[in-house]
1. Using a/c under 1.5 as the rounded threshold, could you call region 289-379 rounded, prolate or oblate? The axes a ≥ b ≥ c are square roots of the C-alpha gyration tensor eigenvalues, and prolate needs a/b larger than b/c, oblate otherwise.
2. With both bridge residues required to lie in region 40-376, what share of the DSSP beta bridges run antiparallel, to the nearest 5%?
3. In whole Å, what is the distance between the alpha-carbon centres of region 292-343 and region 1-74?
4. If I build a Gaussian network model for the chain, linking alpha-carbon pairs within less than 10 angstrom, which residue out of 258, 184, 315 has the largest mean-square fluctuation?
5. Dividing the alpha-carbon radius of gyration of region 1-124 by 2.2 N^0.38 Å (N being the number of residues), what value is obtained?
6. When the chain is modelled as a GNM with alpha-carbon springs shorter than 10 Å, which of 148, 354, 72 fluctuates the most?
7. Considering the convex hull of the alpha carbon atoms of region 61-216, report its projected area averaged over all viewing directions, in nm², one decimal.
8. Using 0.36 nm times the number of residues separating residue 53 and residue 309, minus their current alpha carbon distance, what extension gain do you get?
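Bear in mind these aren't lab numbers, they're just calculated from the coordinates by the rules spelled out. In this text, all values refer to a predicted model and were calculated from it rather than measured experimentally. Positions of Cβ are backbone-derived with ideal geometry, glycine not excepted, and every protein chain shown enters the neighbour counts.
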């Protein structure tokens, strides 16, 4: 066993350096009245940076983060940070929550107590879970890969070993979205005897050839996915082709890093154009801080490169593990059930009344109810 307790504790010199950098931010110009049309709005970002410098209390956020039980384990030579919140109930079942980009393990903090202790949050104690929230390699407080090949499929193998060999769970469930959904898919395809079910959100807008027998709803989805790629997917192309070039600016500029991350929280959430309608400033900045203080924005971007330049394991295979999909209306490109059923054994489909790409943060109660309902039938 390599599991050790862990606490988030950022060195004071790192915070002091950040404070100095914030005071010396250099600002670009902006087209008057352009709002967010060209990207992150200048007026908004100036206000956020001012708050980051004078109002944001990282130590208070650190204390709240450390209220959860944190650990690290060395898996195949890679240090993996994770939260392991034991369930309170009759027979808690292990459930892995897999984050995506540009979020981090913080994406799961709102929903973790609802799943671990449902009896205290309007649910039944019989629906409790042991909740495991890993940070992917290269994300947060996990190790940064130093060699080529850290793909979605490789991460799936590390998560499986963490669950089975380090934590001792023979069978477990998985919940994931964004990049986490890709890891969940690989877990279900590679380890179907261990994964009892996967719960996903959203529809992957990146795909190759389309089948000839598309339904009317699928044709609409394909057109919407193409529009998304033209309007929103440039980040994926640059991260997947030239991540090192991008990393210099994002690693050196705290304002640039915040702009790169927060613009997606606004674009991909159900916020109606007001990002702070869904997320507090403290939540937004804490997520940015995870990348800043760990220097992991380069390794985040590099995961896109590795995945795009490596063979895709299990390509073309359908997931036969029981699958649930919660489709939020403001996710990247909401797709129809028939499209999902080409790839997954969909036993539960829920059209959520509201919410976007960050369901665990935006609508934790709705999502927790749906997760409980799905696993109640198969656990």
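1. Working: a/c = 2.02, a/b = 1.26, b/c = 1.60.
In terms of gyration-tensor shape, oblate.
2. Numbers: 10 of 35 bridges.
Close to 30 percent.
3. Cα centres, region 292-343 to region 1-74: 27 Å.
4. Answer for the Gaussian network model of the chain: 315.
5. For region 1-124, the normalised Cα radius of gyration comes out at 1.43.
6. Among 148, 354, 72, the largest mean-square fluctuation in the Gaussian network model of the chain belongs to 148.
7. Details: hull surface 46.5 nm².
Result: 11.6 nm².
8. Numbers: separation 256, 0.36 × 256 = 92.16 nm, distance 3.92 nm.
Going from the current span to full extension adds 88.2 nm.
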